[in-house]
Amino acid sequence: MKTIMIILTLMCGICTAACSLDHFLIGHNQDGITGTADDNQLFVDCTQKYRHSDPDNQTTDTWKNWYYPLYPNMYGSYSVGEPGFDVIASSDPDRKLSGTANVDYRIIVKCVAITSGFSARKTTLGILIDEAGESFNHSALADSHLHIEYRAPASTGGTQLQWITFIVYDELETYEPSEPFSIVFGTDPLAGDLVIDGKVDLNDVAELSYYWLEENGSIANDFYERADANKDSKVNFMDFALMAENYFQ
Ligand SMILES: [Ca+2]
Ligand SMILES: [Ca+2]
Ligand SMILES: [Ca+2]
């Protein structure tokens, strides 16, 4: 497994345009339409999120699970080398960031929630996030195409629920902050555990109501951060029923 990840990483460094590792793409104006409420708001395109979530087939695009498997590493713990971060390409002019990075905008990737003991890291660039509140300046990177390793302690066995929730915001306030977005590791989250913490409670109901009756769920928005639990594009009573099964479980 480690050999495969090293090869993938090397391939990715050579060919950043079509990286074989998953990445979030940072942009603004998620709907791509000028004149709507999201024009100035940051978002991350989630199309590649969980693309490589099948532990038995790590090189094929499956989007099989709603979590990233964690693999044994050389440190005696568990990790996975994706997803990373990049920006929306210039071929998408309505949604790409405008101007010069770190001059016209300064995109900060900030952790707002993380499992105790879990970490996100790119130590060669000085990035190590293992507590809520920690962040890094994506716009200061020499290359916007950033790989991140996520690492869980040995005690988790690699199969316990782990998560990290980020927002992206613009320190120069050219853009408004994104909604929070979570990445799940180790095992499938409970249906309805939208504010991910391993249980379904009122916080999750509030999150479901935020997306209630939306109709454009897809891999691009991670089905409204899993609110569209049955992945039929709509957030409605079918999804509420799935949530209710897990309430207070
Ligand atoms: Ca818009
Ligand atoms: Ca929850
Ligand atoms: Ca649904």
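In the stretch 32-55, the residue that is surrounded by the most Cβ atoms within 10 Å (Cβ to Cβ) out of those that are more than 9 Å from ligand 1 (Cβ to nearest atom) and of a type in the set (S, T, N, Q) is Ser53.
Yes/no per residue for (1) out of contact with any helix residue (DSSP H, G or I) (no Cβ under 7 Å at 6 or more places or on another chain); (2) more than 19 Å from Phe181 (Cβ to Cβ):
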{"residue": "Gly76", "(1), (2)": "no, yes"}
{"residue": "Pro83", "(1), (2)": "yes, no"}
{"residue": "Ile88", "(1), (2)": "yes, no"}
{"residue": "Asp92", "(1), (2)": "yes, no"}
{"residue": "Arg95", "(1), (2)": "yes, no"}
{"residue": "Gly99", "(1), (2)": "yes, yes"}
{"residue": "Asn102", "(1), (2)": "no, yes"}
{"residue": "Tyr105", "(1), (2)": "no, no"}
{"residue": "Lys110", "(1), (2)": "yes, no"}
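Filtering the stretch 200-221 to residues that are polar (S, T, N, Q), more than 14 Å from ligand 3 (Cβ to nearest atom) and touching a residue at least 40 places away in the same chain (Cβ under 8 Å) leaves nothing.
For the stretch 28-85, filtering for residues that are touching a Lys or Arg at 6+ places or on another chain (Cβ under 9 Å), in contact (Cβ under 8 Å) with a residue 40 or more places away in the chain and β-branched (Val, Ile, Thr) leaves 1.
Conditions tested, residue by residue: (1) surrounded by fewer than 15 Cβ atoms within 10 Å (Cβ to Cβ); (2) outside the structural domain of Asn221 (by TED's automatic domain parsing); (3) over 27 Å from Asn203 (Cα atoms).
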| position | (1), (2), (3) |
| --- | --- |
| Asn65 | no, yes, no |
| Pro72 | yes, yes, yes |
| Pro83 | no, yes, no |
| Asp86 | no, yes, yes |
| Leu97 | no, yes, yes |
| Asp104 | yes, yes, yes |
| Ser119 | no, yes, no |
| Thr123 | yes, yes, yes |
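Identify, please: which residue in the stretch 196-217 is closer than 19 Å to Tyr68 by Cβ and out of contact with any Ser or Thr (no Cβ under 7 Å at 6 or more places or on another chain) and is, among those, farthest from ligand 1 (Cβ to nearest atom)? Residue satisfying both the conditions and the ranking: Gly198. Among the residues of the stretch 223-246, those that are aromatic (Phe, Trp, Tyr) and either crowded, with 16+ Cβ neighbours inside 10 Å or in contact with a helix residue (DSSP H, G or I) (Cβ under 8 Å, 6 or more places away or on another chain) (or both) comprise Phe223, Tyr224, Phe240. Of all residues being within 16 Å of ligand 2 (Cβ to nearest atom), among the aliphatic types (A, V, I, L, M) and under 27 Å from Leu25 (Cβ atoms) in the stretch 196-234, which is farthest from the chain's Cα centre (by Cα)? Just the residue, please. Within the stretch 196-234, the match that is farthest from the chain's Cα centre (by Cα) is Leu208. Annotation note: of Gly76, Gly32, the sole residue that is assigned to a loop (DSSP other than H, G, I, E, B), of a type outside the set (Asp, Glu) and either modelled with pLDDT under 95 or farther than 21 Å from Tyr224 by Cβ (or both) is Gly76. So which residues in the stretch 218-230 are within 28 Å of Glu149 (Cβ to Cβ) and more than 16 Å from ligand 1 (Cβ to nearest atom), if there are any at all? Answer for the stretch 218-230, where residues must be within 28 Å of Glu149 (Cβ to Cβ) and more than 16 Å from ligand 1 (Cβ to nearest atom): Ser218, Ile219, Asp222, Phe223, Tyr224, Glu225, Arg226. As a summary of the residue check, Ala229 satisfies the conditions (1) away from ligand 3 (no atom under 15 Å from the Cβ); (2) in contact with an Asp or Glu (Cβ under 8 Å, 6 or more places away or on another chain) except for the one numbered (1).
Matching residues to (1) under 25 Å from Gly126 (Cα atoms); (2) at pLDDT 95 or above; (3) buried (at least 18 other Cβ atoms within 10 Å of the Cβ):
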position: Ser155; (1), (2), (3): no, yes, no
position: Ile164; (1), (2), (3): yes, yes, yes
position: Ser182; (1), (2), (3): yes, yes, yes
position: Leu190; (1), (2), (3): no, yes, yes
position: Leu194; (1), (2), (3): no, yes, yes
position: Ala206; (1), (2), (3): no, yes, no
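Among residues of the stretch 122-150 that are within 18 Å of Trp163 (Cβ to Cβ), those with a Cβ under 9 angstrom from a residue that is assigned to a loop (DSSP other than H, G, I, E, B) and acidic (Asp, Glu), sequence gap 6+ or separate chain, pair up as Leu128/Glu134; Ile148/Glu82; Glu149/Glu82; Tyr150/Glu82.
The values are calculated or read from the model by the stated rules, or taken from the named source; none is laboratory data. Just so it is clear, the model here is predicted, and its values are computed rather than measured. Quick reminder, even Gly has a Cβ in these numbers, built from the backbone with ideal geometry, and neighbours come from all protein chains shown.
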